[in-house]
Amino acid sequence: MANLERTAYPRFPRVITTRDLLRHYTPDVDEVEWASGFARSDAGRLGLIVLLKTFQQLHYFPALESVPAEIVGHIRTVLNLKPATAADYRGSKTLYRHFAAVRTYLDIQRYYGKEAQRIAVRAAYEASEVMDQRVDVINATIEEGYLCPSPDSIK
């Protein structure tokens with residue numbers, strides 16, 4: 001059985017170390033500037049950075065209530081926000097705008113239809129030549145979808 005970090009849909013570790021927080025969840029200066037230019041409020045900036053950093057780690061957008069408090073607290077501290085500042089999107093369409101903003105910032109292109117199938121089949125075939133575990137082939141296929149450049153960036 002594959003361990004949790006090797007599955008197609010990774011989850012947050014049960015114990016988040018300071019090292020993990022610093023390595024994976026500390027926004028850099030460019031990310032903070034981008035979020036400040038995109039989000040109008042402290043809560044919006046916090047939510048946007050939480051979405052960005054968790055997407056970078058998990059390769060999908062988790063429900064905000066599933067993000068460990070240590071991660072949110074760390075990002076809140078790095079952004080110099082008040083302890084009462086919360087990332088809350090309930091009843092707001094802002095969440096979907098922030099999803100789109102993160103995808104744009106990371107140059108993530110959604111693929112549908114025949115193009116997506118072509119990429120997935122090619123990636124699975126190539127991975128199966130060097131990997132024998134199904135989970136590894138699936139993960140390689142998913143990873144290929146994340147690493148594919150957007151059609152606009154191909155010259």
Lone qualifier among ALA69, ALA63, ALA43, ALA87 - being in contact with an Asp or Glu (Cβ under 7 Å, 6 or more places away or on another chain) and either among the small types (Gly, Ala, Ser) or without any contact (Cβ under 8 Å) to a residue 24 or more places away in the chain (or both):
ALA43
Tell me yes or no: at least one residue of the range 47-63 is closer than 18 Å to LEU21 by Cα, in contact with a helix residue (DSSP H, G or I) (Cβ under 7 Å, 6 or more places away or on another chain) and small (Gly, Ala, Ser).
yes
Would you call ARG97 out of contact with any Leu (no Cβ under 7 Å at 6 or more places or on another chain), of a type in the set (Lys, Arg) and within 27 Å of ARG110 (Cα to Cα)?
yes
State whether the residues of the range 138-151 include one that is part of a loop (DSSP other than H, G, I, E, B) and at pLDDT 80 or above.
no
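The values are calculated or read from the model by the stated rules, or taken from the named source; none is laboratory data. Computed from a predicted model, the values in this text were never measured in an experiment. Cβ sites come from the backbone with ideal geometry, for glycine too, and all protein chains shown count toward neighbours.
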